[in-house]
Amino acid sequence: MGGFAGSHHTAVAALEELGEAKLIATCDPRVKSFTIEQQTWRLAERGVQVYSDYRAMLDACHRGLDLVVVPTPINLHAEMHAAVTALGLPVYLEKPPTLDFAELEQMIAADSRVRKSSLVGFNFIIEKPRLALKERLLAGEFGAIRGATLSALWPRPASYFSRNNWAGRLMMNDRIVLDSCFGNAMAHFVHNLLFWAGGTELFSWGQPAAVRAELYRAHAIEGAYTFFVETDTTSGVNLRFALSHACAGASTHLEMVLCDKAVLRYVVGRQIEIRWNDGRTEKIAPEPFDPLVENHRDYHRYLRDESPRPATTLADSRAFVVLNDLAHLSSGHIAPIPAALVSGVREEKEQKDYLHVSDIVAAQENFLVRGAWPGANGWNRQPGEVATPADLGRFHEVVKTMAGK
């Protein structure tokens, strides 16, 4: 019931107020720790049954359900998805579905036994301005796509990495986790960039053909929380990603799509600009958008046969999961950011401590604009090797080595 699951409860409650949904049951293994939340959501008044084991909940309630929402830790997604689909029920599965390419294929197979496909909750694919721009891209209005970039800096305090037992982990109990800014916190935006680079259909994603990456850590964690990743897609589009939690101050993120006739600049929830090569600038005002409410609504429309497909299926997630896995393969190890570049920052208002890399903004710009890797420019590591989908057979062993297994 905590974390993002609480946000799902709030979204479903809002839809219930509008007569668009009805929450039947919910579950948490530490249900007694969430008495305040249960009162806030008025679960007893709404007739919502509360369980401490999801298997008991499914056994008792499955005949009265239309779908099950799974907003749980990454390492539980496959197990819970399998249990729900075995009952013939579709799943609203929080992103990422898994970060193990082999496990994803098992989940896709499990999904095939249900009449309706599961939704993977990458939140921003259904934004109307995004879909309208993608249609214009496909129509050729901006010319051919030559490349796209994603820059994102989201400060996270030291406490972020101790909030649960899987934060910042590569593996748990010999299972892949790969929690990171790239694979989890900022996964929406990574998935967005692949969406821009898709094929000839609206709901399509660019498929990684060759990946190079340098992964870093500043915090005392197992995984990486600073990523520099480059991939060429099978259609020849170059994508670059520079993401980090090793920063302080305001959060920033920017998706850019580089076309023959224009550059598209997209900041979720804030601004959308088209900068034409002839000097024109076109600005599009983002519409008010509650991602969870609207994603639930969109999935409900699909389940009622009012739309042809979910925004993102498990199969649609292949590009994202493979890209994340190839980034780890390419990097080979997670390098420490040089200590001389890292300083502690105390935010007195929040009473929280952050680590900040002094040249993080410059390192991102040099990589995204000039293709200059930080390892060769003061961050003191060898470049990552080129990894392709043919290398995925080595993925599990490489992650085990990274995790010291």
Comparing N173, N192, N184, which has the greatest mean-square fluctuation in the GNM of the chain with Cα pairs linked when under 10 Å apart? N173
Any chance you could get the radius of gyration and Dmax over the Cα atoms of segment 4-121, in Å? 14.2, 43
Hey, with R₀ at 22 Å, roughly what FRET efficiency would A390 and S235 work out to, going by the Cβ-Cβ distance, to 0.05? 0.75
Which one of F203, F241, F289 has the biggest mean-square fluctuation once the chain is modelled by GNM with Cα springs under 10 Å? F289
For M172, M107, M186, M57, what ranking results if the residue with the fewest other Cβ atoms within 10 Å of its Cβ goes first? M172, M57, M186, M107
Fraction of alpha-carbon pairs in the chain farther than 37 Å apart, rounded to whole percent, equals 22 percent
Name the long-range amide H neighbours of F142: under 5 Å, sequence gap of 5 or more, or other chain; modelled H, no Pro or chain starts. none
Mean-square fluctuation check for the chain, GNM, Cα pairs under 10 Å: which of V257, V70, V369 is largest? V369
Going by average Cβ density within 10 Å per residue, which order do the peptides 128-139, 264-275 take, highest to lowest? 264-275, 128-139
Where only alpha carbons of segment 53-167 are counted, the Rg and the Dmax (Å): 18.4, 55
What is the order of D260, D232, fewest Cβ neighbours within 10 Å to most? D260, D232
Paired Rg and Dmax values of segment 242-348, which use every Cα atom, in angstrom: 19.7, 57
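The numbers here are math on the coordinates, done by the rules we state, and not lab data. The structure presented is a predicted model; accordingly, all values stated were derived computationally and were not measured. Positions of Cβ are backbone-derived with ideal geometry, glycine not excepted, and every protein chain shown enters the neighbour counts.
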